[in-house]
Structure formats: structure tokens, C-alpha cells
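Heads up, the thing below is written out as C-alpha cells.
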Amino acid sequence: MSFGCGDGGRSGKVLHVRWTRLFADLESRLDAERDADLTAEVAERTRIEVGKVALVDRLRAAVGRRVVITTVAGTPYAAQVEAIGPDWLVVVDDWQDERLISLSSVAAIGQLPTAIAAPYDEARRQIAARLDLRHALRGIARDRSAVRVTTIGAVTMSGTIDRVGADFIDLAEHHLDESRRIGKVTSVQTLPIGAFVEAVRLNR
């Protein structure tokens, strides 16, 4: 009596092929899961890094670039970013008017590049922190330039900034085409810095 298996070689070969396919499939699944884990890890790290980025870092990278500014007091306008402080920015609009804007009054910025400026070192960061909006406003006061000031609520007045306190500015009102002189000042307005939106020096 013969118990030979004439198809043993073929069965073994088929079994070998099936197992090869099985392990290949398992390996491809492992590769896919590993790639998915890596992608998720990169995405999570990216979210964490983006979460550390401040608006001023993006604005510093945008110096010299054109953006579209919308403040809480007005309609959008295109302008080139010229300078950035910890809580303010200076832009020059299409009429070549210089605008000092409080960052807290910015409602939106269009066409802002996604680039990020390199962070300041500790010494530079401490210096930059002192050059706040009050410092910028004091610079305008020393310059004695006539400016158009806008506050929250779209209240607009023109004149010369006389002094800048801890949380207020005094604006001597007069026509923009006149210097601040006795007899030309119509009133002195005291404005909370928290209500300040922008000061514009007209190039006209």
C-alpha cells in the first residue's frame, strides 16, 4: 500500500507563496502605520511650534512687504510694513502717509507672509519690550509733527501730541496744515492710550 503524496511539492510551494504574501502584507501595514505615526508626530510638533509664534514675529518678517490692514475703526487699506514694536507697527500707505498703529486695535491683516522672524535673544528681547507704544508716541511728541489721531469708535481729531503719560496722551487740536501755536489750538484732548488706534502723519 502506498501512502505517497504526489502533490506535496506543489502544496508546499503554494503554502510558501501564501505565507510570503501574508508577511509582505503585514510588513506593508507596519510601514503604513509607522508612516502614519511619523506624520502625526510631525503634525503635532508643527502645531506646538506654531502655537509659540507671536504676531509680532510674523510682522517682523514682513518688514518691507505690503499687507492689507484693517483696524477696529476703519476700512481696509494697503500699506508697506516699515517698523515693528512689541505692541505697535508703522506702515506707509499708498499715499505715502506714515501710520503708527496700536497692535491691539488691528482687526485683521491680509496678505501677511507666513515667514517667521528669528526670535530675539534675551538682551534684545528686554530692550524691545521697553520700546512700547508709549515710547513710540513720545517720539511723535518730540518730533512735534501734526498728526491725525483715530480712537476706538472711529473718533478722529487732528493736532500735535503735547505729552504722553503712563496711560494717556494729551493732544492739542489744530488744523493739520498749521503748526501748534497759541491762537491756533482749539482745545486739548486727553485720550486714554487704551482707546488709541492710530496716528497718521500726512505726506501732503
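None of the figures in this text is laboratory data; all of them are computed from the coordinates on show. Owing to the predicted nature of the structure, the values given are computational and were not obtained by experimental measurement. We place every Cβ from the backbone using ideal geometry, glycine too, and count neighbours over all the protein chains shown.
For a quick size check, give me the Cα extents of the range 137-204 along its three principal axes, largest first, whole Å.
Between the extreme Cα coordinates on each principal axis of the range 137-204 lie 28, 22, 21 Å.
What translational diffusion coefficient, in µm²/s and rounded to a whole number, does the Stokes-Einstein relation yield for the range 55-201 at 20 °C and a viscosity of 1.002 mPa s, taking the hydrodynamic radius as the Kirkwood radius over Cα pairs?
This corresponds to a translational diffusion coefficient of 135 µm²/s.
Around ILE169, with a cut-off of 11 angstrom between Cβ atoms, what is the net charge of the other residues, counting Lys and Arg +1 and Asp and Glu -1?
0
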